[in-house]
Amino acid sequence: MTKIETVAVVGAGTMGTGIALSALRTGLNVILVDASGPALERSLSKMKRFFSRQVEKEKMSADAASLAQERCLFAENLEEVSKAELCIEAVFEDLALKRQVFKDLERAVGPDTTLATNTSALKVSEIGAGLVAPERLCGMHFFSPAEVNPVVEVVRGTKTADTTILAVLDYLKSTGKEPIECRDHAGFALNRFFCPYTNEAARCVDDDLGTPAQIDEIAMEEFGVGIGPFAVMNIVKPRINLAAVRNLAELGEFYAPADSLQRLGDADGYWDMSSANAPLDENTVRRIGDRLKGAVFLAVLEELEERVATPEAIDNGARKAFTFARGPVELMHLSGEQEVHRLVELVKPCSCRQAAP
């Protein structure tokens, strides 16, 4: 297996820059490619700020930070990527665009170069459908912020070779990342339940159960997280969260986007996080908490049945990517089968609910 010493990242946006930083900070060489000169300039500025903070926090010496920055080559075309043993695509979530990027990459790199897509929404097999050698393509879905979040989903497409997965796993472990292996299904291992969690929070707003700030407080208590679903959506942008939720719509009625999320996302707006004027009553708090848990449990039960990922991988990802105090599978075990059934029935569409005994 070829040792990875140089990584090419195509796309100098937020995720591409974060992926590049995660490689640079562990001593690797990086080629960051973007057709936009201004995008590369913004990426360079972000890198300078990042390494400056690392020095201020005494996580790196000034010399080490300077050397790390020198190891990054900025380019506006793909000519330089031939030097890379691994190429990671991190462009906009558009299938046609990603396919074109990989067709161009396949011509630019050597025959042994591993290819990966950072897609969070599109299927790896569909992205690689036009490649001459689709077996060397896999998914590497980094979680934001990629420069510090340890979790990366490693997605096996229908034609991905074992050697490709092994090369990527070795790379991630060498850079201190936590790989979560999963199959090429909508939502992969983690967004499969996290998107329904954010979507159910929006449905609670639609049903006038509470405000985003109130629902966030309940979610933080129920899942032991430091930040609620609406605050997360505001960080990643509701527009992007809506796109991820819409990607799951093929799975059925339960996954359809909430009305408020569609309105806000399509308008490129943000959730109003103003503090609530009065606390919610105990019954409403319980209803909201039950619905949030029910949405997570239903999605996880379905992905377990489809063997998208192992219970251990799902829980590990939930804790490390989303900072859940306990993973959803562990929470279900603690709740018990009868309670899990009750919670899941709360969020199932009427057409899917079991008849009452």
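Annotations
- Directionally averaged projected area (segment 231-357, Cα convex hull): 9.6 nm².
- The Kirkwood radius of segment 101-252, taken over pairs of alpha-carbon atoms, gives through the Stokes-Einstein law at 37 °C and 0.692 mPa s a diffusion coefficient of 194 µm² s⁻¹.
- Shape category assigned to segment 69-188 from the gyration tensor of Cα positions, a/c cut at 1.5: rounded
- Each helix, a run of at least 4 DSSP H residues, gives -39500 (n - 2.57); summed and divided by the residues of the chain, these come to -15500 deg cm²/dmol at 222 nm.
- Each distinct pair of alpha carbons in segment 310-350 adds a 1/r term; the inverse of their mean, the Kirkwood radius, is 11.0 Å.
- Compactness check for segment 24-130: Cα Rg over 2.2 N^0.38 Å is 1.20.
- Nearest-ten-degree value, helix 37-56 long axis tilted from longest Cα axis of the chain: 80
- Beta bridges by DSSP in the chain, antiparallel share as percent, to the nearest 5: 15
- FRET E, pair Glu312, Glu41, Förster distance 35 Å, beta-carbon r, rounded to 0.05: 0.25
- Over segment 281-357, accessible surface divided per residue gives 54 Å², non-protein components excluded, 1.4 Å probe.
- Backbone N atoms of segment 313-351 closer than 18 Å to the 7 Å Cα→Cβ label point of Leu169 belong to residues 313-317.
- Percent accessible area from carbon and sulfur atoms, the chain, protein chains only, probe 1.4 Å: 50
- At the listed q of 0.16 Å⁻¹, the Debye profile of segment 286-326, built from one uniform point per Cα, gives log10 I(q)/I(0) equal to -0.45.
- Total charge dipole magnitude, the chain, about the Cα centre, Cβ charges on Lys, Arg, Asp, Glu only, Debye to nearest 20: 580
- Contact order relative to length of segment 85-128, as percent, for alpha carbon pairs under 8 angstrom and 6 or more apart: 56
- Computed over every Cα-Cα pair of segment 1-77 and binned at 10 Å starting from 0, the pair-distance distribution P(r) comes out as 21, 53, 24, 3 percent.
- Using only alpha-carbon positions in segment 261-335, the gyration tensor eigenvalues give semi-axes of 28, 19, 13 Å once each is multiplied by 5 and square-rooted (largest first).
- Distance from segment 131-148 to segment 228-282 (C-alpha centre basis), Å: 26
- With Rh defined as the Kirkwood radius, the inverse of the mean 1/r over Cα pairs, the Rg/Rh of the chain is 0.99.
- The residues of segment 119-171 expose on average 35 square angstrom of accessible surface per residue, using a 1.4 Å probe on protein heavy atoms.
The values are calculated or read from the model by the stated rules, or taken from the named source; none is laboratory data. Everything numeric in this text was worked out from a predicted model, so none of it was measured. Please note: Cβ atoms are built from the backbone with ideal geometry, for glycine as well, and neighbour counts cover all protein chains shown. Note: accessible area is taken over every heavy atom of the protein model, side chains too, but ligands, DNA and RNA are not part of it. Shrake-Rupley method; radii C 1.70, N 1.55, O 1.52, S 1.80 Å.
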